[in-house]
Amino acid sequence: MRHFINLDDLSTNDLKQIIEYAITLKKQYKTGEINNSLKNKTLAMIFDKPSTRTRVSFESGMVQLGGHALFLSAKDIQIGRGESIADSAVVISSMVDCIMLRISSHKDINSFAEYASVPIINALSDESHPCQLLADMMTYQEYNQTIKGKIVAWVGDGNNMCHTYMQATKVFGFALNIATPKGYLPQQSFIDKYADNINLFTDAAHACKNADLIVTDVWASMGQETEQKKRGLAFKDFQVNDKLMAKAKPDAVFMHCLPAHRGKEVSASIIDGGQSLVWDAAENRLHVQKALLLYLLDKL
Ligand code: CP
Ligand code: NVA
């Protein structure tokens, strides 16, 4: 049994296979071809944080594959009243075929996997967001064949998305320039582990020089709302705008996992401009997660 908790839980080959199959599923979906490979299968989706893309893509994806998805708000199930992760994992996994979790603590996702008898998918934790990286890598591949050997610039917070880009450097073979304000670096354990593939900057313009892909994310992640003001000041020179994009290669593209704040981490001219792939990446969450579900349920 395989889980998808960190991007590098799966081999490069398997990740590539998932992306290739996602491209096929996308074509099938667009031509109206029916695929019932997950008939009678159920996915439980446990959320203790908000979501638009993750919820809609997993739920629609299961339906499109002939299966069913259960939305379980953590506050409405007994986990919210203190039932243990272990007991919840044993019970829920005895009734469904796969479980997707968006819960704050990465450690809790690992504990859940330890006690679960079905595959577990990390749908965002305080540490990482591997499903988004699958969609981003699929989207870059559709645009420009391969990300291998390319330069990616991460601008902004050293957060869960940044960590997952760091993990992606090894599995997909690209270099990552990370520009963060002082005090907002990624976790030291990630810096140490991916040292060979990353360069750290405090100047966003230097990090974006010759980049093939520029990526950013919100300045305050879910759960950091009270820090919004402080972060707004710390990140004011880390907006991806025309001036910054001009430092990158002429055919460079822009990604953001969304939701986005125009005029904060990204200018409207960039996110709504010709170099933005954000809408393709958001749509690709659907296709690549369908491929991931098929992979984890041995249907690929
Ligand atoms: N990018 C992403 O995971 O979006 P949601 O928070 O809307 O699911
Ligand atoms: N870093 C953001 C990503 C949202 C998809 C957060 O954790 O809120």
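The values are calculated or read from the model by the stated rules, or taken from the named source; none is laboratory data. Predicted, not measured: the structure shown is a model, and the values here were computed from it. Every residue, glycine among them, receives a Cβ derived from its backbone with ideal geometry; neighbour counts consider all protein chains shown. Areas reflect the complete protein model, heavy atoms only, side chains present, ligands, DNA and RNA absent. Shrake-Rupley method; radii C 1.70, N 1.55, O 1.52, S 1.80 Å.
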Give region 221-240 a look and list any residue that's open to solvent by 30 Å² or more (accessible area, probe 1.4 Å) and charged (D, E, K, R), or say none. Glu225, Glu227, Lys229, Lys230, Lys236, Asp237
Looking at region 15-34, which of the residues that are open to solvent by less than 80 Å² (accessible area, probe 1.4 Å) and more than 14 Å from Leu286 (Cα to Cα) is farthest from ligand 1 (Cβ to nearest atom)? Gly32
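One line per residue, one yes/no per condition, for (1) farther than 16 Å from Met255 by Cα; (2) within 16 Å of ligand 2 (Cβ to nearest atom); (3) hydroxyl-bearing (Ser, Thr, Tyr):
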{"residue": "Val155", "(1), (2), (3)": "no, yes, no"}
{"residue": "Gln167", "(1), (2), (3)": "yes, yes, no"}
{"residue": "Leu185", "(1), (2), (3)": "yes, yes, no"}
{"residue": "Ile198", "(1), (2), (3)": "yes, no, no"}
{"residue": "Thr202", "(1), (2), (3)": "yes, no, yes"}
{"residue": "Leu213", "(1), (2), (3)": "no, no, no"}
Out of the residues in region 84-97 that are open to solvent by 30 Å² or more (accessible area, probe 1.4 Å) and outside any helix (DSSP H, G or I), state the one that is nearest to Gln289 (Cα to Cα). Asp97
Given the criterion touching a Cys at 6+ places or on another chain (Cβ under 8 Å), more than 30 Å from Val96 (Cβ to Cβ) and not in a loop (DSSP other than H, G, I, E, B), identify the matching residue among Leu292, Leu233, Leu244. Leu244
Answer yes or no as to whether Asn160 is away from ligand 1 (no atom under 16 Å from the Cβ) and at pLDDT 95 or above. no
Condition first: within 27 Å of Ala246 (Cβ to Cβ), part of a helix (DSSP H, G or I) and not hydroxyl-bearing (Ser, Thr, Tyr). Now tell me which residues in region 264-283 satisfy that. Ala268, Ile270, Ile271, Val278, Trp279, Asp280, Ala281, Ala282
Step by step: first the residues of region 183-220, then only those that are out of contact with any strand residue (DSSP E or B) (no Cβ under 9 Å at 6 or more places or on another chain) and either acidic (Asp, Glu) or open to solvent by less than 60 Å² (accessible area, probe 1.4 Å) (or both), then the one that is nearest to Gly274 (Cα to Cα). Which residue is that? Trp219
What residue, among those in region 141-178 that are among the aromatic types (Phe, Trp, Tyr) and more than 29 Å from Ala234 (Cβ to Cβ), is surrounded by the most Cβ atoms within 10 Å (Cβ to Cβ)? Phe172
Given (1) of a type in the set (A, V, I, L, M); (2) within 14 Å of ligand 2 (Cβ to nearest atom); (3) over 21 Å from the mean Cα position of the chain (by Cα), index of the condition Met222 fails: (3)
Inside region 98-188, counting only strands (runs of 3 or more DSSP E) that do not spill past its ends, which hold 1 or more residues that are closer than 22 Å to Leu70 by Cβ? 98-102, 120-122
Within region 54-83, tally of residues that are of a type in the set (S, T, N, Q) and either open to solvent by 50 Å² or more (accessible area, probe 1.4 Å) or within 20 Å of Lys39 (Cα to Cα) (or both): 4
Looking at Leu244, Leu277, can you tell me which residue is surrounded by fewer than 21 Cβ atoms within 10 Å (Cβ to Cβ) and either of a type outside the set (Gly, Ala, Ser) or at pLDDT 95 or above (or both)? Leu277
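One line per residue, one yes/no per condition, for (1) outside any loop (DSSP other than H, G, I, E, B); (2) among the hydrophobic types (A, V, I, L, M, F, W, C):
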site: Arg2; (1), (2): no, no
site: Asn13; (1), (2): yes, no
site: Lys16; (1), (2): yes, no
site: Ile19; (1), (2): yes, yes
site: Ile23; (1), (2): yes, yes
site: Lys26; (1), (2): yes, no
site: Ile34; (1), (2): no, yes
site: Ser37; (1), (2): no, no
site: Asn40; (1), (2): no, no
Please indicate, with yes or no, whether at least one residue in region 53-60 is more than 16 Å from ligand 2 (Cβ to nearest atom) and in a helix (DSSP H, G or I). yes
Within region 252-263, can you find the residues that are among the hydrophobic types (A, V, I, L, M, F, W, C), within 14 Å of ligand 2 (Cβ to nearest atom) and assigned to a loop (DSSP other than H, G, I, E, B)? Cys257, Leu258, Ala260
Looking at region 36-49, can you tell me whether even one residue there is open to solvent by 30 Å² or more (accessible area, probe 1.4 Å), in contact (Cβ under 8 Å) with a residue 60 or more places away in the chain, within 16 Å of ligand 1 (Cβ to nearest atom) and not polar (S, T, N, Q)? yes
